[in-house]
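Nothing in this text is a laboratory measurement; each read-out follows from the coordinates by a stated rule. Note that the structure is predicted; figures quoted are calculated from it, not measured. For neighbour counting, all protein chains shown are included, and Cβ atoms are generated from backbone atoms with ideal geometry for every residue, glycine included.
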Amino acid sequence: MSEIVKNTKVETPIDQRETFVSLRKSFTESGDVAEKLRVLYALQETDNEIEKIVSLRGALPEEVAQIEDEINALVAKSARLEEMISGYEKSIEENKNQMVEIDADTAKYQQQLTNVANSREFDSINKELENLVLLRQIAEKHIGEARVAIAERKDAITEIASRIEIRKEDLQAKKEELESIVESTAAQEEQLSAKRAEYTARIDERTLSAYDRIRGSVRNHLAVVTVYNENACGGCFNTITPQRLVDIASGRKLVICEHCGRILVNPLAEVQE
Ligand SMILES: [Zn+2]
């Protein structure tokens, strides 16, 4: 029993938000106390059953969500790579157009070379031609680089696609596993949820919020507990004072454990359905 905490005054969720007195006051004022205590206990038992069902699913819901996230990330990465490929293709197109222009200019200058007037003109045209050769080489280099980059991106996309396929299969398997567990307990869970709704409707909002708060803050998720071994709190196992034991046994008072803040009830009281 890991919940055993001896002689330690634990700060409870109720301490922080409201006092026991104020909670007890609203509890008492909002209807039949004995009946509400029975409903609270039944609610706790119902929640325990629901928790058991949910725990059967283990880590499957998280695993499914995680694989879905991973697939989405892979799809996004693949889309980014496709975008990059489009960019490189555009660059290849531009460089090709530039080469067409360079070739046209080269032809023009070569034509001019055939009837130059003097050596200065000859030199100047040759300089232009050399420059065009250089520009053509640069354009070719850019095209080559872009093609390499495209090939790399395409390889990466293929790799991602096969990874996506694998993860989709994993996802399908996990989903089927989870669905079969959910299906096998669906009817029971539905009944329990209906019961839970019925019980929560019979408890005032303030008590219900305290119940949820205690449940959320304690490790065993028990907000409503019974007396353990005649005089101890069934939640924290600290000793309960005799007066409180009398109050619990009466089933007519909201008793909260002074050590852990859990609601203590008499389990022999049955809920009238
Ligand atoms: Zn306690």
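Observations
- Surface/4 estimate of mean projected area, convex hull on alpha-carbon atoms of region 60-185, nm²: 9.3 nm²
- Extension gain for S26 to Q66 (0.36 nm times residue separation, less C-alpha to C-alpha distance): 10.1 nm.
- Centre-to-centre separation between the Cα atoms of region 137-162 and those of region 224-253: 74 Å.
- This model, with +1 at the C-beta of Lys and Arg and -1 at the C-beta of Asp and Glu, gives the chain a dipole about its Cα centre of some 1180 debye.
- Listing Y109, Y88 from fewest to most neighbouring C-beta atoms within 10 Å gives Y109, Y88.
- In degrees, nearest ten, helix 205-217 long axis to first principal axis of the chain (Cα): 70 degrees
- Sequence of H221, H259, H142 once ranked by neighbouring C-beta atoms within 10 Å, starting from the fewest: H221, H142, H259
- Out-of-range pairs (alpha-carbon distance over 23 Å; input K25/K195; K52/K195; K52/K174; K52/K253; K77/K168; K90/K141): K25/K195; K52/K253
- When region 60-185 is described by a simple charge dipole with +1 on each Lys and Arg Cβ and -1 on each Asp and Glu Cβ, the residue from Y109, L178, L135 located farthest towards its positive end is Y109.
- Using just its DSSP H runs of length 4 or more, each adding -39500 (n - 2.57), the chain gives a mean residue ellipticity at 222 nm of -26000 deg cm²/dmol after division by all residues.
- Long-range HN-HN contacts of A232 with modeled amide H, under 5 Å: I240
- Placing R0 at 22 angstrom, the Cβ-Cβ distance between Q191 and L268 gives a FRET efficiency of 0.35 after rounding to 0.05.
- Taken as Cα centroids, region 21-39 and region 182-211 sit 19 Å apart, rounded to the nearest whole angstrom.
- Computed from the Cα positions only, the extents of the chain along the three principal axes stand at 124, 40, 34 Å, in decreasing order.
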